[in-house]
Amino acid sequence: MALAFDDYGRPYIILKEQESKNRLRGLDAQKANISAGKSVARILRTSLGPKGMDKMLQSPDGDVIISNDGATILEQMDVDNQIAKLMVELSRSQDYEIGDGTTGVVVLAGSLLEQAERLLERGIHPIRIAEGYEMASRIAVENLERIANKFEFGETILEPLIQTCMTTLSSKIVNRCKRSLAEIAVKAVLAVADLERKDVNLDLIKVEGKVGGKLEDTELIYGIVVDKDMSHPQMPKQIEDAKIAILTCPFEPPKPKTKHKVDIDTVEKFQTLRKQEQKYFDDMVQQCKDVGATLVICQWGFDDEANHLLMHRNLPAVRWVGGVELELIAIATGGRIVPRFQELTPEKLGKAGIVREKAFGTTKDRMLYIEHCANSRAVTIFIRGGNKMIIEETKRSIHDALCVARNLIRNNSIVYGGGSAEISCSIAVEAAADRYPGVEQYAIRAFGDALESIPMALAENSGLQPIETLSAVKSQQIKDNNPHFGIDCNDVGTNDMREQNVFETLIGKQQQILLATQVVKMILKIDDVISPSEY
Amino acid sequence: MAIDRIFKDEASEEKGERARMASFVGAMAIADLVKTTLGPKGMDKILQSTGRGHEVTVTNDGATILKSLHIDNPAAKVLVDISKVQDDEVGDGTTSVVVLAGELLREAEKLVASKIHPMTIIAGFRMAAECARNALVEKVVDNKEDAEKFRSDLMNIARTTLSSKILSQDKEHFAKLAVDAVMRLKGSTNLESVQIIKKPGGSLIDSFLDEGFILDKKIGIGQPKRIENAKILVANTAMDTDKVKIYGARVRVDSMAKVAEIEGAEKEKMKEKVNKIIGHGINCFVNRQLIYNFPEELFADAGILAIEHADFDGIERLALVTGGEIASTFDNPESVKLGHCDLIEEIMIGEDKLIKFSGVAMGQACTIVLRGASHHVLDEAERSLHDALCVLSQTVNDSRVLLGGGWPEMVMAKEVDALARKTPGKKSLAMEAFSRALLAIPTTIADNAGLDSAELISQLRAEHQNEGCTTGIDVISGSVGDMAERGICEAFKVKQAVLLSATEAAEMILRVDEIITCAPRRREDRM
């Protein structure tokens, strides 16, 4: 390194306190980055596929999470390295965009990096590798589109949707009852789906969990479940044909926002104030009663007096209902959220066929079910399970399944799973590679090899001979010109994924390849890492 | 190299075999810890809290022991969690579930050591658990139709549950108490209406069930101590100074005379309120909040019994038993439902005065008064009784009953073994392991009683080859005996929950191949 000196012979300072900073340059930087990325991918590699293992994570507060979901694992991992953080981001963006395939995308990125390292050693410039990857990813995505199948589904033909959700769920701990969970997920999505616009608002699906019972007791409720009970222990526990007033104002004396003081200096004032106060409570309850409400759901608390008045007037009420839940209730029952008692009108009331309180187990846990709503567009998936960790993991799995079902409604193309899509892409990419002149050819070929790492990891996790199985499947695909052959993870006896009913969404797969390529390109372009020294 | 550290400083990562070993060891350590408390001859543990006073708890209840432990091993936490859930859901079997999960993992460890993939083991366990459950379902007895028999079933269950607890000496007495209490609930699982009052002194056998309702409160001074044919108003209202609730209101005066005036108005207001309450035509007033001296005096003048500061549960229960409503406003005396009872009187238990409401309108609630030598004994007695009540109330809803004394485990083990012999593939090894783990429960019961477990289990196994066999381990006589004759029963629901949650937990731990521990959160430095 040539140093520039000024007139007095002192070197120019380009980086402040250069000595105390760690700096990696050139090939070293790339290699360090690559190996960091690889080691993240290595952690997730064993979680891939139906026979993948789980990871146990202990959070900084000592809570234990057991998960198989790539995004969750990475998020909880408390990663410090910058490149590793990029991989975490990668999996997160796959989670936001698609919701599933979060493990696969990281494994793919890891193996792309591994291949790149080999090319770097041969002296190929990183930018050329990046460009080659870019071309290859385009070929792969096109190939995916070519091999994708469309399938039709409707209100009555749910089977294909259910099968796809089952593929997602089979890699999770809940695979024992994947069939019923997949059905629940599909029904939930269809209940809220807007088939015209081909869109699904997943916010309308509430996933609620309660410890106890068993996984099989998980149910889909066409309505809302709220983890609250009636404000007064003696209110009726069941209301039929409920008319619901949804309030965001407390049953308490008013608190004007402006600062004020009411000074009491005479006995008369004291008495009028008191009368005023009593009247106030009375009015509030009366207003609710007048519009014909038979149930009051309120975001805020009740004063004791108001509570009794409600009870007394035979008006059941629920207090402290969260804002999100309140909105869901409003959507489900077709009611309006009313911020002031004066604005209550009969049209603004929500309607529900039945509202009931249900008790669980030996503790005094109670939940409120609001069912048969006027507008059944909001549903709740109510998960039961042996312990907290199972419930949390089930929630994550259900989320994945819901996302998959939503993606299918948006775009009903599917590719076959079990690594068959990757193998087919790898064949296509390798065939295309030979036609490219120039150094990129090597990078494209490497991309093809990297794609094979996913079926390879699948086979490895399923306890098969990875290389042997992969080469057999690959030759079978080429020989029969059939892109549906994949890895037979469950030992069913056939590796035609079409027969096994293992599907994945097309957009999910495409997104995986695109996202992974992008991140790898980014990592490859880094040639200088400057990190501050420990302080 | 820089890449060796992708985690933060104090985070650690354990992989593959090491991770699996760590979780196996942790889980088995927990199981071994509570193992010795299993069964009628199980031993108790002393727990000393690290908090102020180093309070001591003596207990035999698995959930209580595990709840109080400070555990660092993540796998062990899974087991603690299942025991807690078992406690919440069915109330009993908290030790068994942990022991079974521990044994399953112990067997799994051997299989893993002989190079069988954990996923294969899980598949085997799942099939075995399903088969075991079916075997139980086939053998259950349901006496719901026959009230007489059902009651004797309940008695048997209560006796069996209590026999492993501190109450075992007086199990007959307590079993009767528990069954009576639960039968009064009429199918509801809401145990809140069974109140347990603990009063040190006397001996456990002096404990009794009171048909009525006992409130651990004193009667105001100068008020009647005994009321017949009481009309009770249950209320939740401020009886100190009734504040003006309109926000921002405050008293601002410029002379002492005005202060006095306002004070007078306040008093007047309170008096008015009291008069309104009296206007309900009551002779007993129970409030959740404090009653100050002034209103108390007014009540005393009117000859009304006023009870202050009854807690939330007390109020709810009282409202439940007397059939009154909890009132907070008193303007419409005609429509407020009052509670009724035949007699309110002050009674003495030991040295404490309590108020007893007898002859209440609704017979659902009742009170169990526990007497015992010390607080530790009483606490443990309460836990035991709670277990029994939970099991009984669950049994009332799901009246399927099994025999006890290791009988269900033997039945399941036999079926699972039979299934293993029919199943090709490595899964069968896992199933055999499952049946061995099931046998560990009767083995532990026998071991804890100081019996020759190997001998007894083998006898038992031979007996169980006969169809319709009802033999199990009789710990009292130390031999194999007919469980049906000895009336040792267990609720089906408990056994099923034990089986399913233990398998689920074992499965979860088996699936783990990597443990990542984050750096502990830094506490704010307050020094």
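Observations on the model:
- For segment A:236-277, the tally of residues that are of a type outside the set (F, W, Y), in contact (Cβ under 8 Å) with a residue 40 or more places away in the chain and more than 10 Å from chain B (Cβ to nearest Cβ) stands at 15.
- The residue that is surrounded by the most Cβ atoms within 10 Å (Cβ to Cβ), among those in segment B:32-56 that are among the β-branched types (V, I, T) and over 17 Å from B:V377 (Cα atoms), is B:V34.
- Complete set of residues in segment B:70-89 that are at the interface with another protein chain (Cβ under 7 Å from one of its Cβ atoms) and either among the acidic types (D, E) or not in a helix (DSSP H, G or I) (or both): B:D81, B:D88, B:E89
- Reported count of residues in segment A:489-516, each being surrounded by fewer than 24 Cβ atoms within 10 Å (Cβ to Cβ) and either modelled with pLDDT of 90 or more or not in a loop (DSSP other than H, G, I, E, B) (or both), is 10.
- Test: residue in segment B:368-386 that is farther than 25 Å from B:V475 by Cβ and over 20 Å from the mean Cα position of the chain (by Cα): yes
- Against the list (1) within 40 Å of the chain's Cα centre (by Cα); (2) more than 9 Å from chain B (Cβ to nearest Cβ); (3) part of a helix (DSSP H, G or I), the condition A:W300 fails is (3).
- Candidates are the residues of segment B:105-160 that are touching a Lys or Arg at 6+ places or on another chain (Cβ under 6 Å) and not in a helix (DSSP H, G or I); the one that is surrounded by the most Cβ atoms within 10 Å (Cβ to Cβ) is B:I116.
- Pairing residues of segment B:325-339 that are more than 7 Å from chain A (Cβ to nearest Cβ) and buried (at least 21 other Cβ atoms within 10 Å of the Cβ) with residues that are assigned to a loop (DSSP other than H, G, I, E, B) and at pLDDT below 70, at Cβ distances under 8 Å and at least 6 apart in sequence or on separate chains, gives B:G339/B:A361.
Residue-by-condition table, conditions (1) of a type in the set (A, V, I, L, M, F, W, C); (2) in contact with a Cys (Cβ under 7 Å, 6 or more places away or on another chain); (3) touching a residue at least 24 places away in the same chain (Cβ under 8 Å):
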{"residue": "B:D142", "(1), (2), (3)": "no, no, yes"}
{"residue": "B:D153", "(1), (2), (3)": "no, yes, yes"}
{"residue": "B:T160", "(1), (2), (3)": "no, yes, yes"}
{"residue": "B:I166", "(1), (2), (3)": "yes, no, yes"}
{"residue": "B:D170", "(1), (2), (3)": "no, no, yes"}
{"residue": "B:H173", "(1), (2), (3)": "no, no, yes"}
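Residue-wise test of (1) in the same structural domain as A:A293 (by TED's automatic domain parsing); (2) within 26 Å of A:P346 (Cα to Cα); (3) outside any helix (DSSP H, G or I); (4) over 35 Å from the mean Cα position of the chain (by Cα).
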residue: A:K228; (1), (2), (3), (4): yes, yes, yes, no
residue: A:P233; (1), (2), (3), (4): yes, no, yes, yes
residue: A:C249; (1), (2), (3), (4): yes, yes, yes, no
residue: A:P253; (1), (2), (3), (4): yes, yes, yes, yes
residue: A:T258; (1), (2), (3), (4): yes, no, yes, yes
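- Looking only at segment A:153-163, residues that are buried (at least 20 other Cβ atoms within 10 Å of the Cβ) and either assigned by TED's automatic domain parsing to the domain that holds A:Q500 or not in a helix (DSSP H, G or I) (or both) come to 0 in all.
- Pairs where the first residue, in segment B:374-396, is in contact (Cβ under 8 Å) with a residue 40 or more places away in the chain and away from every other protein chain (no Cβ under 14 Å) and the second is among the small types (G, A, S) and outside any helix (DSSP H, G or I), C-beta under 8 Å, 6+ apart: B:L378/B:G372; B:A381/B:S207; B:A381/B:G372
Residue-wise test of (1) surrounded by 15 or more Cβ atoms within 10 Å (Cβ to Cβ); (2) touching a residue at least 24 places away in the same chain (Cβ under 8 Å); (3) over 19 Å from the mean Cα position of the chain (by Cα).
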| position | (1), (2), (3) |
| --- | --- |
| A:Y133 | yes, yes, yes |
| A:I147 | yes, yes, yes |
| A:F151 | yes, yes, yes |
| A:C165 | yes, yes, no |
| A:L181 | yes, yes, no |
| A:A185 | yes, yes, no |
| A:L195 | no, yes, yes |
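- B:S193 vs. criteria modelled with pLDDT of 75 or more and polar (S, T, N, Q): no
- Segment B:359-415, residues that are touching a Pro at 6+ places or on another chain (Cβ under 8 Å) and buried (at least 24 other Cβ atoms within 10 Å of the Cβ): B:G372, B:G405, B:G406, B:E409, B:M410
Quick grid of which residues meet (1) farther than 25 Å from B:P118 by Cα; (2) surrounded by fewer than 22 Cβ atoms within 10 Å (Cβ to Cβ); (3) not small (G, A, S):
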site: A:I427; (1), (2), (3): yes, yes, yes
site: A:A433; (1), (2), (3): yes, yes, no
site: A:Y442; (1), (2), (3): yes, yes, yes
site: A:L451; (1), (2), (3): yes, no, yes
site: A:E468; (1), (2), (3): no, yes, yes
site: A:S471; (1), (2), (3): yes, yes, no
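- For beta carbons closer than 6 Å, sequence separation of 6+ or different chains, a first residue in segment B:57-78 that is within 30 Å of B:A11 (Cβ to Cβ) and a second that is among the polar types (S, T, N, Q), the qualifying pairs are B:L66/B:S83; B:P74/A:Q58; B:A75/B:S23.
- Hits in segment A:98-123 (condition: in contact with a Gly (Cβ under 9 Å, 6 or more places away or on another chain) and either surrounded by fewer than 19 Cβ atoms within 10 Å (Cβ to Cβ) or under 18 Å from A:S170 (Cβ atoms) (or both)): A:I98, A:G99, A:D100, A:G101, A:T102, A:T103, A:G104, A:V107
- Failed item, numbered, when A:Q286 is tested on (1) facing another protein chain (nearest Cβ under 8 Å); (2) within 28 Å of B:E266 (Cα to Cα); (3) at pLDDT 75 or above: (1)
- In segment B:262-273, the residues that are facing chain A (nearest Cβ under 10 Å) and of a type in the set (G, A, S) reach residues that are surrounded by 13 or more Cβ atoms within 10 Å (Cβ to Cβ) and part of a helix (DSSP H, G or I) with C-beta atoms within less than 9 angstrom, at least six apart or across chains, in these pairs: B:G264/A:V267; B:A265/A:V267; B:A265/A:F270; B:A265/A:Q271; B:A265/A:R274.
Residue by residue, here is whether (1) over 29 Å from A:I173 (Cα atoms); (2) without any contact (Cβ under 8 Å) to a residue 40 or more places away in the chain; (3) touching a strand residue (DSSP E or B) at 6+ places or on another chain (Cβ under 9 Å) holds:
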site	(1), (2), (3)
A:C373	yes, no, yes
A:R410	no, no, yes
A:V415	no, no, yes
A:G448	yes, no, no
A:L470	no, no, no
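- Test for A:A352: is it of a type in the set (G, A, S), farther than 21 Å from A:V211 by Cα and within 14 Å of chain B (Cβ to nearest Cβ): no
- Among the candidates B:A502, B:A484, the residue that is in a helix (DSSP H, G or I) and touching a Ser or Thr at 6+ places or on another chain (Cβ under 7 Å) is uniquely B:A484.
The values are calculated or read from the model by the stated rules, or taken from the named source; none is laboratory data. On a predicted model such as this, the values are computed, not experimentally measured, just so you know. Positions of Cβ are backbone-derived with ideal geometry, glycine not excepted, and every protein chain shown enters the neighbour counts.
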